[in-house]
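Below: one structure, written as structure tokens.
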Amino acid sequence: MKRRTFIKHAAHSLAIPGFLGSFSNTGFGKTLDTLLRLANDTDRALVLIYLEGGNDGLNTVIPLGNYGALTAVRPHVVMQENQLLEVPDTDFAFHPALTDLKSLYEEGRLQVIHSVGYPKQNFSHFRSTDIWMSGSDSDQLLTSGWTGRYLESKHPQYPEEYPNESYPDPLAVEIGLGSSMLFQGEKIGFSMVLNNVNSFYELLENEVDEVPDGPVGDKIRFIRLMAQQSQKYGRIVKDAAERITYQRPYPDNRLSNQLKIVSRLIAGGLRTPLYLVRMGGFDTHDNQVEDSDRTLGKHANMLQTLNDSIMAFMKDLEYQGTADRVMGMTFSEFGRRIVSNSSLGTDHGSAAPMFVFGNMSEGGFLGNSPVIKGNEVYNDNLTMQFDFRQIYTSILSQWFDSSAKVSMSANPNKTFEQVPVIKNILNQTESPKEKMLIKLFPNPVKDFANVSFNASDEVKIDLIDTSGRLLETIFQGSAEGRPFAHNFSMVQFPPGRYILNVIIGNNRQTVHLIKL
Amino acid sequence: MQVIKPGQYRHLVTKYQKVAPVDLTKGLDRKTKQDQPANARLQEIEEGLEPYSGVFSERHLAHLIKRISFGVNPDELNAFRNRGIAAVLEHYFSNKFDYPEPINNYNIDSEKTDPEVREGESFVLAKFNNEFEGDRIISIKAWMIGRILNSQSSIQEKMILFWWSYLPIKMWDVFISKNCYRYFKMLEKHSLGNFKELIKDLTIDPAMLIFLSGAFNNKDTPDENFARELQELFCVGKGKDARYTEDDVRAVARVLTGWTIDWESIHNTGAPQSIFNPEMHHTGEKRFSAFYGNRIIQGREGMDGAQELDELLDMIFTNSETAKHISRKIYAFFVSTEISENAERNVITPLAQIIRQNNYDIVPALKVLFSSAHFYHAHIMGVMIKNPLDFTLGYWKNFEMKKAANFQEERDLYSGILWQTANIGMEIGDPPNVAGWPPYYQTPMYDKIWINSDTIAKRIFLSDSMIFWGYRLTNSQFITANILEFVKKLSKPEDPNVLIHETSVTVMGIELNESLVNLVKNILLSGQDQDYYWTGAWLTYMANPADLESKNIVLNRLNPAFQRLLQLAETQLM
């Protein structure tokens, strides 16, 4: 061993262990590298909110298609239909606690994605959490996170000589618990971990948590201070936080306290693209609701907290002027059973809805609200409509880079089709302010429609359904001068909602259309 | 015959010493604030050497074992549980340890092949060869680490480190590997023996004669280096009652004139020898100050001059400061680096009494100390910051990390540990100076000196990497901690509370507070509220340990939980 290498090796510190890592899959690697560089260039951030324990999707976004059937199979937890927050022009409703999420939905700033999961659902919290964090298939065993493996191939020297000019900030920040598998690579962890909210404020104040009284406690205080000072990103995070002296009010709960820090760091200029925060308690085997009033109880309280926290976060982002460059996403290791149990609760299930929110959200909903027939038995589960890796892929691709094709499974040949989640795809043209104005006429469509816009570039127009499936490529080729116009037929498609995915050069935009 | 002066080969050392010596005291405020002792609360301990009469719990047992050896593991706790202090001490004090001599395992690393010593053969009698001394010294150091790693439930290796910290040579300054080896063996021989006999052997030891240049002290050109340190650092100290004078230093130096090295023994095959050369001896009378009772040592002619040394040691060891001095050294190394006034009165003074009563046999005093109420006081248990060897080798013991399978690997693996521990401030065999490692004596910081923002980061990097991706010792050695086997040995690993508690007893100096326990438990439970999710995962794994999926589920929780546990400040304490 050369002396220099040795010393460098021994010199790294991960007192707060560190970030994202990587994949052997080169296609994926290349893409995400661009994503992260772009994230730095554009200061875009994605906040992952992990709902620990398995959130009951059927009591969060409630299908109204056959309410009698729902009542029949979930007699212990179902609410009265008239208590729900019905969403106009759809067949689902929000839980009554989710008033703010509903208004975000109505503003087009929150998207509901129905029935997200993965094939061969595992019902263990631990195993299913690992699957969501590692991006593995249900039968693959990976001990690293999908982001962790990626960063490892792109940053093989990390943490030596990090932070540096190109990457001055943590590659990821997570709050709560220790370092999650998400950001764990094969050889190194990549996230800066704030073990709890207090440790963030201790960092700001150069203080440490209470220590035992006496000489042993004095030593502990000293060591903690030294550990704090050794955190390689500590100074950077502290500087970012100190630039922000006022934030909009947040409620005082674990999730809000975390989101408050995230907003502060983003507003303070930290150019970290990925944040993970957590909220616990969703494992509602019993007393999920209060029997006297099903709109109350444990689950209602948690959804209230989620609702209030996200709204406070959104308002703060607006106040800080960062709302247009932050997207958020909720996920949970699974949903819960269709059939409720006699302890006023629900047991481990499968697919569940996800929320994707932010000013740049595509809005609306994807997929169909689950169909309940009324004859389901205890072991029945909701059918998955979207693989969670489709959503990851879509968000990363559309939020950080318009041309990305991200593969998530450890199997490099496996690809996941994208679904529209971002309204204005990342704009890489030299004059990003130049907006594409896409005209679609007529809409709703009976048989034929005409799409037109200004362009003088390569153009591709895809028709996709609300599940993200590609139905037809309507046009592909170069646009001869401007304006570009194209007629197409919808005769062959059944009535319903469709999406036009229009790609012009590096720009991507979507237009919703309705077939009568 | 060519003489070798201390530090003469310093220009060669940088070629071998992969980590430049780390100066932990750089930039520290060395001034003691008299009105504000560093750790004033130690003064609250009223207890002294009276036997500890409280409950001897698992944590007390772990405390004792950590202080008298290097780390502790569940096997040892299980073996000595409910045995009582006396039985534990009896075992640790009587458990002598044999380890084969260091051998030539450096040929592969070296650009040349040692002409004197074949690969796999002992070099401890080989003649001096400056082209190989550096490689041989590294092999001795790796061997010293190997000894610690392989010793089981014995105080011996900890005692040798104590003596080396207290009465050091710097191996790189001496540079003659066989002298260094002999010094080690000399300390080993006296490790649980008689302090006075140790000092006598040390005074005329061929390594010490070079290190403090006693070999070059003669009647014409006196060298007072050793004479000063013999009093100031080794025997009398600098306590307020240690009032020896500069004239005493000169007189001691004169007594010791004539003692030198048989240079032929260095440059030929065979054990290094020291000799008394009457021609170099100062034969006049040596007068000592009132501190030594105005004692006069009459000069002697010829070989009789050698006997002046015995008279000198009788004089020094009659002085009451000497027993106090070694008592303070024992206390600082084994109990608390900082000595309060109460400890001086209630521990040091009576401990010195015991040492004197036993004519400087130290075992009785050590046993009394390790059985005392003072030693088990809440302010003492956990108050010591682990030195780099306690810290690093403690992990090796806790988590059954890889040991060398053969002599070649011994060098590869253990020299890796050597440089890693050097990098956090403690290169075995080479304290920064003749006073030893500063954390054991430097006011006002004491053992806090071990920890700064750089060393704490490296310490935590060790635990992070051994858990997740392997701790790199060399380009080919990535060492992983066997967390799973560790956890299996706990009494009830399926209960997260028991798991965390028993782990803290083993690796930490103090019980974790409730919020930290919950923090770690949360990680173990992946944020779930119910302990039974861990219990289920663990029992599922144990029911079928070959099943990779259930093993992964368990490891994916244990790893981050242990990462967090070992990052805690409490883990730095013992």
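Work out the FRET efficiency for B:ASN406 and B:ASN544 from their Cβ-Cβ distance, taking R0 = 45 Å, and round it to the nearest 0.05.
Result of the calculation: an efficiency of 0.80.
Using Cα-Cα distances under 8 Å and only pairs 6 or more residues apart, what relative contact order does the range B:485-572 have, in percent?
It comes to 31 percent, rounded to a whole number.
So what's the gap between the Cα centers of the range A:115-171 and the range B:75-123, to the nearest angstrom?
The two parts, judged by their Cα centres, are 43 Å apart.
Can you list the trypsin sites (Lys or Arg not before Pro) in the range A:324-401 that are in a DSSP coil and have 15 or fewer other beta carbons within 10 angstrom?
A:LYS373
Nearest 20 debye, what's the magnitude of the dipole of the range B:485-572 about its Cα centre given +1 on Lys and Arg Cβ and -1 on Asp and Glu Cβ?
200
How big is the Cα convex hull of chain B in projection, averaged over all directions, in nm²?
Quarter of the Cα hull surface area: 27.1 nm².
Quick one: Karplus J couplings for the range A:84-99, per residue in order, coefficients 6.51, -1.76, 1.60, θ = phi - 60°, nearest Hz, x for Gly and Pro?
Values, residue by residue: 7, 8, 5, 9, x, 6, 9, 10, 9, 9, 8, 4, x, 6, 9, 4 Hz.
Is there a pair in B:LYS5/B:LYS196; B:LYS15/B:LYS127; A:LYS187/B:LYS66; B:LYS492/B:LYS521; A:LYS187/A:LYS238 whose C-alpha atoms are over 23 Å apart, and which pairs would that be?
Going by Cα-Cα distance, B:LYS5/B:LYS196; A:LYS187/B:LYS66; A:LYS187/A:LYS238 fall outside the 23 Å limit.
When only C-alpha pairs under 8 Å and at least 6 residues apart count, what is the relative contact order of chain A, in percent?
Taking the mean separation of contacting Cα pairs over the length of chain A, I get 22 percent.
Just name one of A:LEU470, A:ASN443, A:GLY505: the one whose Cα is farthest towards the positive end of the charge dipole of the range A:439-515 (beta-carbon charges, Lys/Arg +1, Asp/Glu -1).
A:ASN443
If you find the alpha carbon centre of the range B:507-522 and of the range B:433-498, how far apart are they in angstrom?
Between the Cα centre of the range B:507-522 and that of the range B:433-498, the gap is 17 Å.
Which residue, A:ALA69, A:TRP146, A:GLN121, has the largest displacement toward the positive end of the dipole of chain A when charges sit on each Cβ (Lys, Arg +1; Asp, Glu -1)?
Selected residue: A:TRP146.
I need the GluC sites (Glu not before Pro) found in the range A:126-201, filtered to DSSP loop residues with at most 12 other beta carbons within 10 Å of theirs.
Passing sites in the range A:126-201 are A:GLU161, A:GLU165.
For the range A:252-337, how big is Rg over Rh, using alpha carbon atoms and the Kirkwood form of Rh?
When Rh is taken as the Kirkwood radius, the ratio is 1.05.
Arrange the following residues from fewest to most other Cβ atoms within 10 Å of their Cβ: B:VAL363, B:VAL252, A:VAL216.
Ranked by crowding around the Cβ, least crowded first: B:VAL363, A:VAL216, B:VAL252.
Could you work out how far the C-alpha centroid of the range A:51-84 sits from that of the range B:204-226, in angstrom?
Taking the Cα centre of the range B:204-226 as reference, the centre of the range A:51-84 is 90 Å away.
Tell me, what is the Rg over Rh of the protein assembly as shown, with Rh the Kirkwood radius over Cα pairs?
A ratio of 1.08.
For a quick protection proxy, order the peptides A:57-65, B:89-97, A:72-80 by their average other-Cβ count within 10 Å, most packed first.
A:57-65, A:72-80, B:89-97
Exposure proxy check: A:LEU182, A:LEU470, B:LEU77, A:LEU255 ranked by fewest other beta carbons within 10 Å?
Lowest to highest Cβ neighbour count: A:LEU470, B:LEU77, A:LEU255, A:LEU182.
Where does each of A:THR322, B:THR221 land when they are ranked from fewest to most other beta-carbon atoms within 10 angstrom?
Ordered by Cβ neighbours within 10 Å, fewest first: B:THR221, A:THR322.
Kindly write out, for the range B:430-436 in residue order, the coupling ³J(HN,Hα) from the Karplus curve 6.51 cos²θ - 1.76 cosθ + 1.60 (θ = phi - 60°), rounded to whole Hz, with x marking Gly and Pro.
9, x, x, 7, 5, 7, x
For B:ILE275, what residues show an amide H to amide H distance below 5 Å, using hydrogens built from the backbone and excluding near sequence neighbours?
B:THR260, B:ILE261, B:ASP262
Summing -39500 (n - 2.57) over the DSSP H runs of n ≥ 4 in the protein assembly as shown and dividing by its residue number, what mean residue ellipticity at 222 nm do you reach, to the nearest 500 deg cm²/dmol?
Taken over the protein assembly as shown, the calculation gives -11000 deg cm²/dmol.
Non-local amide H neighbours of A:ASN341 (under 5 Å, H modeled in plane, Pro and chain starts lacking H): which ones?
Correct list: A:THR346, A:ASP347.
Quick check on the range B:85-237: take the gyration tensor over C-alpha atoms, sort the square-rooted eigenvalues as a ≥ b ≥ c, and tell me if it's rounded (a/c under 1.5), prolate or oblate.
Oblate shape, in that a/c is at least 1.5 and b/c is the bigger or equal ratio.
Taking R0 as 51 Å, what FRET efficiency do you get between A:ASP89 and A:LYS120 from their Cβ-Cβ distance, rounded to the nearest 0.05?
Calculated transfer efficiency: 0.90.
Once the cut-off is 15 Å, how many percent of the Cα-Cα pairs in the range A:439-515 end up in the long-distance tail?
Summing the P(r) of the range A:439-515 above 15 Å gives 51 percent of all pairs.
Quote the charge dipole size of chain B about the Cα centre in Debye, to the nearest 20; the model charges only the Cβ of Lys and Arg (+1) and of Asp and Glu (-1).
In total the dipole reaches around 540 debye.
About the Cα centre of the range A:439-515, what is the dipole size in debye to 20, counting +1 per Lys and Arg Cβ and -1 per Asp and Glu Cβ, all else neutral?
240
Amide H to amide H, which residues 5 or more places from B:SER372 or on other chains are under 5 Å from it, using H placed in the peptide plane?
It is B:TYR52, by chain and number.
Taking θ as phi - 60°, what are the ³J(HN,Hα) couplings along the range B:67-84 by the Karplus curve (6.51, -1.76, 1.60), each to the nearest whole Hz, with x for Gly and Pro?
Along the range B:67-84, the couplings run 6, 9, 9, 10, x, 9, 10, x, 4, 5, 4, 5, 5, 10, 4, 6, 8, x Hz.
Would you report the distance distribution of C-alpha pairs in the range B:1-145 as whole percents per 5 angstrom bin, up to the bin with the largest distance?
2, 6, 11, 11, 10, 9, 10, 12, 12, 9, 6, 2, 0
Can you give me the relative contact order of the range A:439-515 as a percent, contacts being Cα pairs under 8 Å and 6 or more apart?
35
Looking at chain A from every direction and averaging, what is the projected area of its Cα convex hull in nm²?
Its average projected convex-hull area is 27.4 nm².
Would you mind checking the range B:434-466 for residues with the amide N under 11 Å from a putative spin-label position 7 Å along Cα→C-beta of B:LYS238?
In the range B:434-466, the label zone of B:LYS238 (backbone N under 11 Å from the point 7 Å along Cα→Cβ) covers B:435, B:441-443.
Just so you know, all these numbers are worked out from the coordinates, no wet-lab data involved. As the structure is a computational prediction, the values presented were derived from the model and not from experiment. Here Cβ is always computed from backbone atoms with ideal geometry, including for glycine, and neighbour counts include all displayed protein chains.
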